[in-house]
Structures are given as structure tokens and as C-alpha cells.
Amino acid sequence: MNMTQQVRQIWKPLVFLLCLVPALLIVTDLLTDNLGSNKIEAIQDRFGIWALRFIMITLAVTPLRQVSKRNWIGLFRRMLGLFAFFYVLMHFLTWLILDQELNATAIADDIVKRPFITIGFIAFLLLVVMAATSTNNIRRKLGGRWQLIHNSVYAVGTLGVWHYWWQVKKDISEPLIYAIVLVVLLGYRVWRKKR
């Protein structure tokens with residue numbers, strides 16, 4: 001069995017299960033009443049943090065593949081990107097259904113009047129387009145346009161960090177860590193392109 005087959009048959013299923021662990025922990029904490037006094041906010045925040053982590057992990061795939069010269073690492077990129085979308089979707093649905101209770105007026109007001117929600121919503125829409133165009137069949141149909149669409153992951157990463165930065169009230173230490181990681185991951189790409 002070559003490395004590509006090994007990744008597809010053994011490692012991808014294991015990584016898939018590992019990627020589900022944060023969601024299972026959130027559900028477990030909900031069922032065991034371990035989310036504190038504001039459960040909705042806790043669920044929303046935890047899905048949001050994991051969404052941002054998966055965006056960063058997905059952005060790290062290409063640099064890791066290039067630096068290590070192990071091309072099989074690239075086989076995980078689509079799955080990790082779809083998990084980023086999954087966690088963003090759960091973050092969004094928690095806000096939409098549990099926090100806003102599907103109140104169209106309140107939703108529109110939040111998106112328009114609260115800038116951190118506006119940029120988070122833009123990032124969500126970009127991820128919807130990327131997730132919808134992630135299949136091999138659509139990739140073939142779109143040709144070169146597919147890469148243009150999926151390059152918006154850089155904007156999603158930037159908007160995601162920005163959304164988190166503006167959302168926190170005082171302590172920006174955690175958003176700052178994500179901002180530094182993002183700068184390193186995007187800076188590597190700029191450096192490599194210039195080189």
C-alpha cells in the first residue's frame with residue numbers, strides 16, 4: 001500500500017473522527033450542564049473558536065506540505081476546509097436559531113449595526129461558496145475560476161480573525177495569537193511567491 005492509499009484508507013478516517021471531537025465535547029457539556037450560566041453564548045463561542053482553529057489548520061496545510069516535501073499532506077486540505085465550514089455553520093446557526101430565535105428584524109439589525117457580525121457574516125457567505133464548489137466535479141466544470149473562488153480562504157481567515165478581535169471586549173490576547181498565526185501563514189505564501 002503506497003502512502004496515498006494509506007492516507008485515504010487509514011489516516012483520513014482517523015483525522016475525520018478527531019475533527020468531530022470538539023463538536024462531541026460541546027454536545028457532552030450541554031447534556032451534562034457544564035456550559036455555565038449563559039449556555040447559548042458558550043456554545044456559540046466554542047463553535048466559533050473551533051471554526052477559526054480549523055481555518056488556520058487548513059491554511060497551514062500548503063506550507064507544511066511544501067516545507068516537509070510530503071505531498072500527501074495536501075490530501076487532508078479539503079476535509080479540513082469542510083470541517084472549518086461545519087464549525088462556522090454551527091457557530092452561525094447557534095446565533096441564528098438560539099440567540100436570535102429566527103427573528104428576521106433582529107438578525108438584519110445585528111448584521112447591519114454590529115460591524116463584527118457584518119464581517120463574520122461576509123466570511124460565512126464566502127465559506128458557503130467554497131463548500132458548495134468543493135467537489136471534484138464542480139472543480140472540473142469551473143476550471144481556472146475554481147482557484148479564484150478558493151483563494152478567498154485568505155479573506156475568510158482575515159475576516160475570521162477580525163471578527164473575533166472586534167467581538168472580544170477587553171482582553172485581545174487570544175485574537176492576537178490567531179492574528180500572528182495568520183500573518184505567518186499568509187506571509188510565508190508571499191515570501192515563497194516572491195522567491
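The values are calculated or read from the model by the stated rules, or taken from the named source; none is laboratory data. As the structure is a computational prediction, the values presented were derived from the model and not from experiment. Quick reminder, even Gly has a Cβ in these numbers, built from the backbone with ideal geometry, and neighbours come from all protein chains shown.
Taking the stretch 163-175, which residues are over 18 Å from the mean Cα position of the chain (by Cα) and part of a helix (DSSP H, G or I)?
173
Would you point out which residue out of 14, 31, 93 is farther than 19 Å from residue 128 by Cα, modelled with pLDDT of 95 or more and surrounded by fewer than 18 Cβ atoms within 10 Å (Cβ to Cβ)?
14
For residue 159, state whether it is in contact (Cβ under 8 Å) with a residue 12 or more places away in the chain and hydrophobic (A, V, I, L, M, F, W, C).
Here the answer is yes, as residue 159 does meet what is asked.
Name the pairs: first residue in the stretch 81-99 and in contact (Cβ under 8 Å) with a residue 24 or more places away in the chain and closer than 12 Å to residue 127 by Cβ, second residue in a helix (DSSP H, G or I) and β-branched (Val, Ile, Thr), Cβ to Cβ under 6 Å, at least 6 apart or on different chains?
Between residues of the stretch 81-99 that are in contact (Cβ under 8 Å) with a residue 24 or more places away in the chain and closer than 12 Å to residue 127 by Cβ and residues that are in a helix (DSSP H, G or I) and β-branched (Val, Ile, Thr), the close pairs are 81/58; 84/55; 84/58.
May I ask you to list the residues in the stretch 122-150 that are of a type in the set (A, V, I, L, M, F, W, C) and in contact (Cβ under 8 Å) with a residue 24 or more places away in the chain?
122, 123, 124, 126, 127, 128, 130, 131
Would you confirm whether any residue within the stretch 2-16 is out of contact with any helix residue (DSSP H, G or I) (no Cβ under 7 Å at 6 or more places or on another chain) and within 30 Å of residue 168 (Cβ to Cβ)?
no
In this structure, does residue 25 turn out to be modelled with pLDDT of 95 or more, surrounded by fewer than 11 Cβ atoms within 10 Å (Cβ to Cβ) and hydrophobic (A, V, I, L, M, F, W, C)?
no
Please give the helices (runs of 4 or more DSSP H) falling wholly within the stretch 99-162 in which 1 or more residues are surrounded by 14 or more Cβ atoms within 10 Å (Cβ to Cβ) and basic (Lys, Arg).
Counting at least 1 such residues, we get 136-142.
Only one of (1) part of a helix (DSSP H, G or I); (2) among the hydrophobic types (A, V, I, L, M, F, W, C); (3) closer than 25 Å to residue 163 by Cβ is not met by residue 11, so which one is it?
(3)
Any residue at all in the stretch 60-79 that is in contact with a Gly (Cβ under 8 Å, 6 or more places away or on another chain) and farther than 20 Å from residue 160 by Cα?
Yes, because at least one residue in the stretch 60-79 is in contact with a Gly (Cβ under 8 Å, 6 or more places away or on another chain) and farther than 20 Å from residue 160 by Cα.
Could you please find all residues in the stretch 83-98 being touching a helix residue (DSSP H, G or I) at 6+ places or on another chain (Cβ under 6 Å) and under 18 Å from residue 157 (Cα atoms)?
Those that are touching a helix residue (DSSP H, G or I) at 6+ places or on another chain (Cβ under 6 Å) and under 18 Å from residue 157 (Cα atoms): 83, 84, 85, 87, 88, 90, 91, 92.
Residue under question is residue 80, and the condition is that it be buried (at least 18 other Cβ atoms within 10 Å of the Cβ), within 26 Å of residue 3 (Cβ to Cβ) and either in contact with a Leu (Cβ under 9 Å, 6 or more places away or on another chain) or not charged (D, E, K, R) (or both); does it hold?
Judged against the criteria, residue 80 is a match.
Restrict the check to the stretch 76-94 and report whether at least one residue is more than 16 Å from the chain's Cα centre (by Cα) and either part of a helix (DSSP H, G or I) or not hydroxyl-bearing (Ser, Thr, Tyr) (or both).
For the stretch 76-94, residues more than 16 Å from the chain's Cα centre (by Cα) and either part of a helix (DSSP H, G or I) or not hydroxyl-bearing (Ser, Thr, Tyr) (or both): absent.
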